[in-house]
Amino acid sequence: MDRMLNHYDSAPASSGSSHSPMKGFDPEFIDIVDYITRITYRIWEGKQVGLCYDYYSDDCPVYTLAGVTIGAEEVTQNTLSTLAAFPDRTLHAENIIWGGNDIDGFHSSHLIKTSMTNLGSSDMGPATKRSATFFVIAHCIIKDNKIIEEWLVRDNYALAEQLNYDPHEVARNKAKIAPQQRLTDWRKSEINRVVQTVTHERNSFSGIGDKSPEAFISALLQNIWNARLLGDVNQGYSESAVIHSSANTNLVGHQQINMFYSQLLGTVTQLKYSSDYCCSIPNSFGGVDVAVRWTIVGNHGGSALYGDPTGIPLLILGESHYRITDGLISEEWTIFDELSVLVEIYRARIATID
C-alpha cells in the first residue's frame, strides 16, 4: 500500500542525520523519530485515522490508568471518539527520546504538548467550548513498521480544569462506573510485579561522575523514592531546576522539588518505585536527555494529597523526561494521570458508603 499521502503528510525529521537502519519499515522513514513524527501527524492533524490499522498491530496493548485497549481496531475507535469531542486537536512533539534498534524493536518516548477545543461531549461531560493545552507522553515499542506495545500517560487533571470542570467531581462520577475487567487485571499484575521486585537498597551516589546518564538517573531515583534519601535532590538537580508535572504544575528549585517527592511519599505509604525502561540521547544544548517509564505502587495511607486516606492499593503509571546539563538535571517533565488516581480513591469511598 502506498502510504505517501502528501496532502496529509508531515515533514521529515530535521536532525540533519543520514538514514539510520530501519529494516522492516517503509523506505520513506529515515529514522525512528521521523516515523513517530510522521504517523502522529497523519493520524491526528491529517485526520487519516484509518492509518491506525497500518501502524498498530492487531494485538497491540495500550496501557493507561483509565483503561487498557488491545489492537488497532480499539486504537482507531478511541481516536475517533477523541476527535468527536476535540476535532481541532493538535499534537506538537516537544521531544522524542529513543532506544533499541530495528532488529529487536525500537522504544520511543514521545513528549507531546497537545492543544484542543471541547466542541463535543466527552467522558468528562457535555461540551464546554473551552480550549486546553497540556502534556502527554507516549512510550511505544515499534517493530516492522508497527507499534506493538504502548504505555500512555495524559495530564487529564489539567484537561478537566481547563475545560472548567471540577476534577474531583469528574473523578467521583467516573468512580460510579464499574472498572474495566482488563484494567483491573492489569493493575493487580503490575502491583504484584513491583511489590515482588523492588527493594529499598541504597545506591552510592555523589552526582553523575563517570556514570552513564541512565545509571545516574537510575541511582538518583532509587535513592529518592525507594531508599527515602530526599537529600539526594540537592546532588542530582541544579539549584534552578524546573519540574513540569501533572495539573500543569511547575516546580522550581530544590525546596519545591523536594516537596514534590515528599508529598507523594507521604501520601502513598509503603511506596515502591520501579524504573521499567530507560534510554538517552544527546540534545542540541550540549547535554543529554533521558527518558524513563516508571511505575509506583503502595497504599493510600497518608493525607498529604487526595484527602483522608482510604488505605486502598494504588498504582501510578508515569513517564519522565530529564534534561541533564553540566552533570545535573536542569529540567524535567514528569507526567501521570492524577485524575485516574482520584477515580480509584473515590471508588473506594463509594464502596465504603455502600
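Based on the alpha-carbon gyration tensor of the chain and its eigenvalue square roots a ≥ b ≥ c, which shape applies: rounded if a/c is under 1.5, prolate if not and a/b is larger than b/c, or oblate? Since a/c reaches 1.5 but b/c is at least a/b, the shape of the chain is classed as oblate. Over region 6-165, what is the relative contact order in whole percent, taking alpha-carbon pairs under 8 Å and six or more residues apart? Worked out over region 6-165, it gives 20 percent.
Neighbours of residue 58, meaning other residues whose beta-carbon lies under 11 angstrom from its beta-carbon, give a summed charge of -2 when Lys and Arg score +1 and Asp and Glu score -1.
For the pair residue 249 and residue 90, the difference between a 0.36 nm per residue extended length and the Cα-Cα distance amounts to 55.1 nm.
How many lysine pairs in the chain, separated by 8 or more positions in sequence or lying on different chains, have Cα atoms less than 26 Å apart? The number of close lysine pairs in the chain is 16.
Highest mean packing comes first when the peptides 25-38, 197-210 are listed by Cβ atoms within 10 Å, giving 25-38, 197-210. Take 276-286, 329-339 and order them by the average number of nearby Cβ atoms within 10 Å per residue, most first; the result is 329-339, 276-286. Of the DSSP H helices in the chain, those with a Cα length along their own long axis of 15 Å or more and a mean Kyte-Doolittle hydropathy reaching -0.5 comprise 32-43, 71-85, 253-267, 338-353.
Values quoted throughout were computed directly from the atomic coordinates according to the rules given, and no laboratory measurement underlies them. Here the structure is a predicted model, which is why all the values come from computation and not from measurement. All Cβ positions, glycine included, derive from the backbone under ideal geometry; neighbour counts span all protein chains shown.
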